[in-house]
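Worksheet for the structure shown next.
Derivation of every value follows stated rules applied to the coordinates shown; laboratory data play no part. Nothing here was measured: the structure is a model prediction, and the numbers come from that model. Neighbour counts are summed over all protein chains in view; Cβ atoms, including those assigned to glycine, are modelled from backbone coordinates with ideal geometry.
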Amino acid sequence: MENTSLWVFGYGSLCWHPGFDYKNSRVGHIKHYVRRFWQGNTTHRGVPGKPGRVATLVPEKNGRTFGVAYEIEGEAALQYLNSREVELGGYTTEITCFQAREGCTFPVLLYIATPDSKDWSGPAPPQVIAAEILSCSGATGHNVEYLLRLAEFMRDYIPEGYDDHLITLEMLVRSAIKEKKLCLKTLMGNPPPPGQSQHRSDDDIDMVGPMPAAIVQERRDTFQYSAKVPAKKLRCLNL
């Protein structure tokens, strides 16, 4: 690992579509944070007056959040991230330590929202958050797509990163879609182009790099994931 390398940690839409050029990637986790859908969004998954809900990181002493770290290549990538996450997303930056699956550790740049951030929505009961996600959409697509793409990515590629908050929201939203007889295909938008990332980015820019090699090489199947999920939620998710 080069000391001069800059790595960025993705825990939301950056997981399933970074949208920028990068040298390397690593699957792993950071400590002392948990993922929460507490940041509002009026540029990609909502509109002014009706913000969507997207992921941020909330400090928690014993917390762990799994995701993907990307080694940045070139000034353009950093400018792109600043525009996407800070100017449009309302996030600020922090540095923390990342531990890769294979055991190595190194510092990573985080994009994180706080109560002082633009469009901060804050905590709410899961049922309220799920209802807001179900009712919001923006320039990039429906808020449901953001939630389900992330949940699917974590289940398929990082099953050891079980996230009760994420899976609870997925369960509630899927249940509401079924109850209201909504079209999931319409909510999820067009499928991603073949040969690229599983999904598209939150600004409709095609992914430059391939799906992270660390994920492709170490992909876990649904059985391994389901072993970590409580039986009640497995039934709710039809796994």
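Is the C-alpha gyration tensor of the stretch 1-45 telling us rounded, prolate or oblate? Criteria: a/c under 1.5 is rounded; beyond that, a/b larger than b/c is prolate, otherwise oblate.
Oblate is the answer for the stretch 1-45, as a/c is 1.5 or above yet b/c matches or exceeds a/b.
Would you compute the Debye intensity of the stretch 1-99 from its alpha-carbon atoms alone, equal scatterers and no solvent, and pass along log10 I(q)/I(0) at q = 0.11, 0.15, 0.16 Å⁻¹ to two decimals?
-0.34, -0.63, -0.72
Calculate, for TRP120 and GLU60, the FRET efficiency according to 1/(1 + (r/R0)^6) with r their C-beta to C-beta distance and R0 25 Å; round to the nearest 0.05.
0.90
Find how much the distance from SER83 to THR105 grows on full extension, using 0.36 nm per residue of separation minus their present alpha carbon separation; answer in nm with one decimal.
5.2 nm
Along the Cα-to-Cβ line of ALA139, 7 Å from the Cα, sits a label point; which residues in the stretch 74-93 have backbone N less than 18 Å from it?
Residues passing the 18 Å test: 79-91.
Sort the following peptides by mean Cβ neighbour count (other Cβ atoms within 10 Å, averaged over residues), highest first: 159-171, 30-42.
Ranked from most to least packed, the peptides come out as 30-42, 159-171.
Subtracting the Cα-Cα distance from 0.36 nm times the residue separation, let me have the gained length for LEU6 to THR168 in nm, one decimal.
Full-extension gain reported as 55.0 nm.
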